[in-house]
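Take a look at the structure below.
The values are calculated or read from the model by the stated rules, or taken from the named source; none is laboratory data. In this text, all values refer to a predicted model and were calculated from it rather than measured experimentally. Note that each Cβ is placed from the backbone with ideal geometry, even for glycine, and that neighbours are counted across all protein chains shown. Heavy atoms of the whole protein, side chains included, go into the accessibility calculation; ligands, DNA and RNA do not. Shrake-Rupley method; radii C 1.70, N 1.55, O 1.52, S 1.80 Å.
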Amino acid sequence: MPDPASKRRVPVSQPGMADPHQLFDDTSSAQSRGYGAQRAPGTLGYPAASGSPQTAFLADPVSNMAMAYGSSLAAQGKELVDKNIDRFIPVTKLKYYFAVDTMYVGKKLGLLFFPYLHQDWEVQYQQDTPVAPRFDVNAPDLYIPAMAFITYVLVAGLALGTQDRFSPDLLGLQASSALAWLTLEVLAILLSLYLVTVNTDLTTIDLVAFLGYKYVGMIGGVLMGLLFGKIGYYLVLGWCCVSIFVFMIRTLRLKILAEAAAEGIPVRGARNQLRMYLTMAVAAAQPLLMYWLTFHLVR
């Protein structure tokens with residue numbers, strides 16, 4: 001007997017007709033077809049990205065002209081600043097005093113410790129311009145004085161630390177005292193040169209360089225004092241004091257007394273004697289300051 005379920009007629013959906021058991025029409029395929037028709041090739045369904053604001057800004061000729069004008073203003077401002085800085089701070093001249101090399105530093109340190117063996121103290125010139133320090137050991141420089149001052153402050157801190165007396169305030173006082181004495185020396189020498197009416201090519205930077213060489217001997221004295229006590233301190237500092245005295249005499253006499261000879265001033269004239277006394281005073285002040293700035297660091 002045939003199964004009644006087999007006699008049931010299964011409705012066949014016609015193409016384009018909805019499923020009779022489906023409550024709502026499926027419109028996803030139509031929408032996808034509609035969206036697909038709107039897609040641009042290569043965009044993966046997303047709208048093409050517009051140009052970036054930077055690109056649009058650079059493409060604008062007005063903005064390009066503004067950028068060029070701004071660059072010219074910046075160049076003019078840099079040139080103006082360089083001129084004003086060079087007016088108050090001679091950057092070009094300072095470059096000359098730092099034109100050194102390792103060979104020059106070694107020879108200069110040897111000259112500071114053993115000036116008795118040196119014969120020729122004349123500064124070499126090339127077309128009325130002194131040659132760079134790296135070519136002439138007699139030329140003044142600022143590299144050794146600057147490095148010696150920094151090293152002196154560090155050695156002073158080491159000496160204070162070994163005696164349990166270190167403090168930032170005391171170290172700052174040590175550094176400021178050394179700078180204050182150097183400033184007073186320079187001002188006193190400039191005033192003396194003005195009063196004695198000395199026409200010399202000795203500049204303020206030259207004075208700072210020559211007066212800063214004493215820090216080299218101060219470092220040696222303090223280090224020997226830390227290693228060997230008071231005896232080592234006095235021996236090394238005494239040697240360095242005599243050396244810097246001889247060095248300053250032989251250097252400054254060419255800067256001060258040589259001008260007097262060129263002007264035809266008699267050797268035994270009153271003005272020439274004043275210049276000689278000034279040279280001796282500047283040289284004699286170096287050992288006194290070397291002792292004053294270091295004696296309290298060694299105990």
Return the subset of K93/K214; K78/K108; K95/K230 for which the Cα-Cα distance in this structure is over 32 Å, preserving the input order.
-> K78/K108; K95/K230
Extending each Cα 7 Å along its Cβ direction at A99 and R271, get the distance between those two points in nm, one decimal.
-> 3.3 nm
Simple spin-label estimate for K78/Q126, 7 Å along Cα→Cβ, in nm, reads 2.8 nm
Taking a probe of 1.4 Å and leaving out DNA, RNA and ligands, region 86-184 shows per residue an accessible area in Å² of 62 Å²
With all protein chains present, region 167-217 has a carbon and sulfur share of its accessible area (1.4 Å probe) in percent of 74 percent
Can you tell me how much longer the chain between L190 and L235 gets when fully stretched, taken as 0.36 nm per residue apart minus their C-alpha distance, in nm with one decimal?
-> 12.9 nm
Expressed in nm², what is the orientationally averaged projection area of the convex hull enclosing the Cα positions of region 98-222?
-> 9.3 nm²
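Roughly how many percent of the accessible protein surface of region 124-163 is carbon and sulfur, given a 1.4 Å probe and a whole-percent answer?
Values: 1200 of 2010 Å².
Here carbon and sulfur together make up 60 percent of the probe-accessible area.
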